[in-house]
Amino acid sequence: MSINASSVAPVTINVKDVITLTARLAQILAEEVDLLAEMKISKIEALQQEKLFLTSALEAQRKLIDKHPHLSETIPSQDKEDLARVVEVFNGMLEENHHKLLLAKEVNHKIVQAITDVVKQSTQSNVYNGAGTTGFAPFETLSVTLNKRI
């Protein structure tokens, strides 16, 4: 069975779909920013599936344009302007999202460090050193007493 050129559908791009996908992805990033600001990190996971879907769909459109660069010439000027505005909003949200993620990561690191410090302080114990005086052993050490006969 052979496929003739007239039976193959022409490759097209629906810019309105790209605009809608980009706008929705910007909305999800805005939701993430709000959740990060409120430190509700666990609620972000619920957004990840849709975010991955949107990212994949946009990546497919980008690859289509890369493969068929002439498609960009078929986009009406109004759609190009609308897309440019949506991309500008998206880039702003992406930058804010990135900043909030870095901030949340730093806060998380400081919390973990504070907990580690408290655990270290509460697990130090008095030990005798070789000179018979007491000191503190860090929590990583194990105090062992040996009875030896000479």
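Each reported figure results from applying straightforward, stated rules to the coordinates on display, with no laboratory input. Keep in mind that this is a model prediction, so the values were computed, not measured.
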Full-extension gain in nm, V11 to A37, via 0.36 nm per residue minus C-alpha separation: 5.1 nm
Members of K100/K120; K51/K110; K67/K105; K80/K100 lying beyond 32 Å, as alpha-carbon distances in this model show: K67/K105
Calculated SAXS-style log₁₀ I(q)/I(0) at q = 0.23 Å⁻¹ - region 11-99, Debye, Cα scatterers: -1.13
